[in-house]
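Heads up, the thing below is written out as structure tokens.
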Amino acid sequence: MSIRSSLLPRTFRVVERHEETADTATLVLEAEDGAPLEFAPGQFNMLYAFGRGEAPISLSGDPASPQRLLHTIRAAGPVTEALAGLRPGEHLALRGPYGSRWPVEESEGKDVLVIAGGLGLAPLRPVIYRLLAARERYGRIVVLYGARGPDGLLYRAELESWRSRLDLEVEVTVDHANGAWHGDVGVVPSLIPRARFSPADAVAMVCGPEVMMRFTVAALLERGLAPEQIHLSLERNMRCGVAQCGHCQLGPFLVCRDGPVLPYTRLGELLTIHEL
Amino acid sequence: MDAVSEPARGESFVLEPRALQALLDAIVAEGYQIRGPLVRDHAVCLDEVTRVEQLPVGWTDEQEGGHYRLTRRGGSALFGCGVGQDSWKRLLHRPLALLWSAERDDGGLALSEPHEEPARFAFFGVRPCDLAAINIQDGILAAGRYPDPFYRARRQGLLTVVANCTSAGGTCFCASMGTGPRAESGFDLALTELWPDTANHALLVETGSDAGTRLLAAVPRRPAGDPERREADEATRRAVEQMGRRLDTSDIHGMLMGNLEHPRWAEVARRCLACGNCTLVCPTCFCTNFEDGGDLELRHAERTRRWDSCFTLGFTRLHGGPVRRKIRSRYRQWMTHKLATWFDQFGTSGCVGCGRCITWCPVGIDLTEESAAIRASDGRSGR
């Protein structure tokens, strides 16, 4: 074949592995050929586990370090189970980056709301890195994060260090608490009414289960955000990443190409249609 | 009737039927593998053709919703059959392809792509609807930021000889979709069969490319005159009049996308078996899935790509289960994709009006009928 197939991945080595929760791990990857993989916050890679298959996984590290790729993977099926179980020194193959990005630069001068549920914090963490790297260019920055329980929170140490900063508002809530939890209990949208930001001049970036995003959008609209100030990251069955396999369609969109990040103005009614 | 001067691109000529063998020979001499229509297993299939008599001479077909029969019509017509269940898609966008293989050892993981010389095909007897379908698949697989090298390698070397339609089948509606019955461009050569079963039986040949024009140099021919051109126009007009189906495409995107909760979707779902036949016979349906396997020693693995169908339950599987559980949702996805959201995604319609999905649906579901039913009780407010 004269041209290299876009479906042929490159090999990467696992250099670190961090357990996030009981079923979720973050892998730090370096390319065998040493070439960096530049990416924008919100984009994803297709990760291949030997003999098992590929899965789309968000880039969850710092875009300023394209030689050190971070992927947070939850073992939810045979492929992600194999990926999440890889140990330092082991290999996988990877292609990307694919998909659209969060409007980080476009939000300069504004208040930024980063709102995540569960694993949804993974594709938003690169946004937080970017915002903090140019902190002076943004207004208030609010991170609202929720998980089912305290054991389901990702990046716990990092959340705690962000929370200690004076130039960042971080609120964390869990659906169900245990005895060791002294924070908020409730769903993420319940944090929105009391978050401090200027609705007329804010941008919200939201990622989580679809039902969480629907209620979050409702709460944001209630606070006075206009639909065009809200951006969501969607999940569909992305198999090829290059808009050729058809699996990730959502009405007019091929989520792997047109998304995963889409402005709410383009999604609006589509999310209310059952099984679209 | 011998060649007196070099043919020029854009000119049209007349061939006697027996001269068609010289054309086939010239195509083979250029190094192409010809694929054309032939009768096999009681249907028109597309396979290797090198002799004129391999074509479905003297056959015709009956096509209706859920019904396909080849019948002998007798006579000398070369192109008396419409499209069968097979389509050129099978040759350009293969049903099963090895993408790459991986070797694993202690030192790591090495991936390699298969080495293959791309086949150089000449498609002979391509119907205008199917030519339009190839152009649509080009927009998905050969264009864009990540062209598929497997598709593109086969497509780049392709020669197309169109057979314009002079009659139409019972499930045809290319005239509604603007893709036929006569191809205007995008071919190397286009044939229109004139006066079959008479002493004047002939083929009008239009040249559409330099490659096509060059082939005619070795083929006995004469310049086309007004009677042949007039008859070709007449035959095209007759085919339009015969067309068994029609589809009202006015505002079809708005009409369908404004009726996503129309009761008709549930009604058609009671008939639809979700078998996926329509997606397999469709010449534009491009969806694929990937399959992974390896040896028992876990040293060698392969990744293949196979045609898939949006009618399968697993098509939209996420960790929480499939998105489109109901057949209602899957039929709605397929039809709205063909007729509406394809425009959003790729800038064209996804339907060329070939009628295969109607003919080969085991229960005879007809998307022109479904679309008309929704239009007839358009649920958008203010209508």
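Could you grab me the full set of residues in the range A:140-151 that are within 20 Å of A:PHE215 (Cα to Cα), in contact with a strand residue (DSSP E or B) (Cβ under 6 Å, 6 or more places away or on another chain) and surrounded by fewer than 20 Cβ atoms within 10 Å (Cβ to Cβ)? Answer for the range A:140-151, where residues must be within 20 Å of A:PHE215 (Cα to Cα), in contact with a strand residue (DSSP E or B) (Cβ under 6 Å, 6 or more places away or on another chain) and surrounded by fewer than 20 Cβ atoms within 10 Å (Cβ to Cβ): just A:GLY149.
Being at pLDDT 95 or above, in contact with a helix residue (DSSP H, G or I) (Cβ under 9 Å, 6 or more places away or on another chain) and assigned to a strand (DSSP E or B) is true for just one of A:LEU191, A:LEU232, A:LEU225, A:LEU221. Which residue is that?
A:LEU232
The residues on offer are A:MET213, A:MET205, A:MET238, and the sole one that is surrounded by 23 or more Cβ atoms within 10 Å (Cβ to Cβ) and in a loop (DSSP other than H, G, I, E, B) is A:MET238.
Against the list (1) within 22 Å of the chain's Cα centre (by Cα); (2) crowded, with 21+ Cβ neighbours inside 10 Å; (3) within 14 Å of chain A (Cβ to nearest Cβ), the condition B:ALA102 fails is (1). Quick check: is even one residue across the range A:233-247 within 16 Å of A:LEU113 (Cα to Cα) and touching a strand residue (DSSP E or B) at 6+ places or on another chain (Cβ under 6 Å)? The answer is yes, given that some residue of the range A:233-247 is within 16 Å of A:LEU113 (Cα to Cα) and touching a strand residue (DSSP E or B) at 6+ places or on another chain (Cβ under 6 Å).
Picking from residues in the range A:1-57 that are within 24 Å of A:ARG101 (Cα to Cα), charged (D, E, K, R) and in contact (Cβ under 8 Å) with a residue 60 or more places away in the chain, the one that is surrounded by the most Cβ atoms within 10 Å (Cβ to Cβ) is A:GLU54.
Listed by first and then second residue, the pairs with beta-carbon distance under 7 Å, at least 6 apart or on different chains, first residue in the range B:241-265 and modelled with pLDDT of 95 or more, second among the basic types (Lys, Arg), are B:ASP248/B:ARG375; B:MET255/B:ARG375; B:GLY258/B:ARG380; B:ASN259/B:ARG380; B:LEU260/B:ARG332; B:TRP265/B:ARG328; B:TRP265/B:ARG332.
Determine whether B:ALA97 is under 21 Å from the mean Cα position of the chain (by Cα), buried (at least 16 other Cβ atoms within 10 Å of the Cβ) and farther than 30 Å from B:PRO223 by Cα. The answer is yes for B:ALA97.
Of all residues in the range A:254-263, those being buried (at least 23 other Cβ atoms within 10 Å of the Cβ) and either closer than 15 Å to A:GLY96 by Cβ or more than 7 Å from chain B (Cβ to nearest Cβ) (or both) number 5.
Go through the range B:269-308 and give me each residue that's buried (at least 20 other Cβ atoms within 10 Å of the Cβ), at the interface with another protein chain (Cβ under 10 Å from one of its Cβ atoms) and either part of a helix (DSSP H, G or I) or at positive phi (or both). Selection gives B:THR279 alone. Evaluate the following for B:ARG90: is it over 30 Å from B:ASP295 (Cα atoms), basic (Lys, Arg) and away from chain A (no Cβ under 14 Å)? Against the criterion (over 30 Å from B:ASP295 (Cα atoms), basic (Lys, Arg) and away from chain A (no Cβ under 14 Å)), B:ARG90 does not qualify. You will find that of A:GLU235, A:GLU228, the residue that is touching a residue at least 12 places away in the same chain (Cβ under 8 Å), among the charged types (D, E, K, R) and away from chain B (no Cβ under 11 Å) is A:GLU228 and no other. Taking the listed residues A:PHE44, A:PHE50, the one that is under 19 Å from A:ALA76 (Cβ atoms) and either within 8 Å of chain B (Cβ to nearest Cβ) or among the polar types (S, T, N, Q) (or both) is A:PHE50, with no other qualifying. Residues that are in contact with a helix residue (DSSP H, G or I) (Cβ under 8 Å, 6 or more places away or on another chain) and either free of Cβ contacts under 8 Å to residues at least 40 places away in the same chain or among the acidic types (Asp, Glu) (or both) within the range B:129-143 comprise B:ASP138, B:ALA142, listed in sequence order. When the range B:37-59 is filtered for residues that are under 12 Å from B:GLY84 (Cβ atoms) and either in contact (Cβ under 8 Å) with a residue 24 or more places away in the chain or part of a loop (DSSP other than H, G, I, E, B) (or both), the ones remaining, listed by number, are B:PRO37, B:VAL39, B:ASP41, B:HIS42, B:ALA43, B:VAL44, B:CYS45, B:LEU46, B:PRO56. All of (1) in contact with a strand residue (DSSP E or B) (Cβ under 6 Å, 6 or more places away or on another chain); (2) more than 8 Å from chain A (Cβ to nearest Cβ) hold for B:GLU113 with one exception: (2). Restricting attention to the range A:28-44, the residues that are farther than 19 Å from B:GLU103 by Cα and touching a Ser or Thr at 6+ places or on another chain (Cβ under 8 Å) total 3. Counting only helices (runs of 4 or more DSSP H) that fall entirely inside the range B:97-185 and contain at least 1 residues that are within 29 Å of B:PHE290 (Cβ to Cβ), the qualifying elements are B:128-137, B:149-156.
So which residues in the range B:335-383 are hydroxyl-bearing (Ser, Thr, Tyr) and either within 11 Å of another protein chain (Cβ to nearest Cβ) or part of a helix (DSSP H, G or I) (or both)?
Selection gives B:THR336, B:THR341, B:THR359, B:THR368, B:SER371.
Restricted to the range B:309-324, and to residues there that are within 7 Å of another protein chain (Cβ to nearest Cβ) and more than 21 Å from B:LYS338 (Cβ to Cβ), the residue that is modelled with the highest pLDDT is B:ARG317. Among the candidates B:GLY80, B:GLY31, B:GLY84, the residue that is surrounded by fewer than 16 Cβ atoms within 10 Å (Cβ to Cβ) and not in a strand (DSSP E or B) is uniquely B:GLY31. In the condition set (1) part of a loop (DSSP other than H, G, I, E, B); (2) within 9 Å of chain A (Cβ to nearest Cβ); (3) buried (at least 16 other Cβ atoms within 10 Å of the Cβ), B:ARG332 is compliant with all but (1). Looking only at the range A:264-276, filter to residues that are more than 8 Å from chain B (Cβ to nearest Cβ) and aliphatic (A, V, I, L, M); which one of those is farthest from B:LEU260 (Cα to Cα)? Ranking the candidates gives A:LEU267 first. All told, A:VAL28 falls short of being within 11 Å of chain B (Cβ to nearest Cβ) and outside any loop (DSSP other than H, G, I, E, B). When the criteria are applied in full, B:PRO147 meets the requirement of being at the interface with chain A (Cβ under 10 Å from one of its Cβ atoms) and either among the acidic types (Asp, Glu) or surrounded by 16 or more Cβ atoms within 10 Å (Cβ to Cβ) (or both).
Just one of the listed residues (A:ALA157, A:ALA200, A:ALA177) is outside any loop (DSSP other than H, G, I, E, B) and over 23 Å from A:SER233 (Cα atoms), namely A:ALA157. Just to be sure, is A:GLY139 assigned to a loop (DSSP other than H, G, I, E, B), modelled with pLDDT of 95 or more and not assigned by TED's automatic domain parsing to the domain that holds A:ALA55? It is true that A:GLY139 is assigned to a loop (DSSP other than H, G, I, E, B), modelled with pLDDT of 95 or more and not assigned by TED's automatic domain parsing to the domain that holds A:ALA55.
The values are calculated or read from the model by the stated rules, or taken from the named source; none is laboratory data. Not measured: the values here are computed from a predicted model. Glycine gets a Cβ as well: all are built from the backbone with ideal geometry, and neighbour counts include every protein chain shown.
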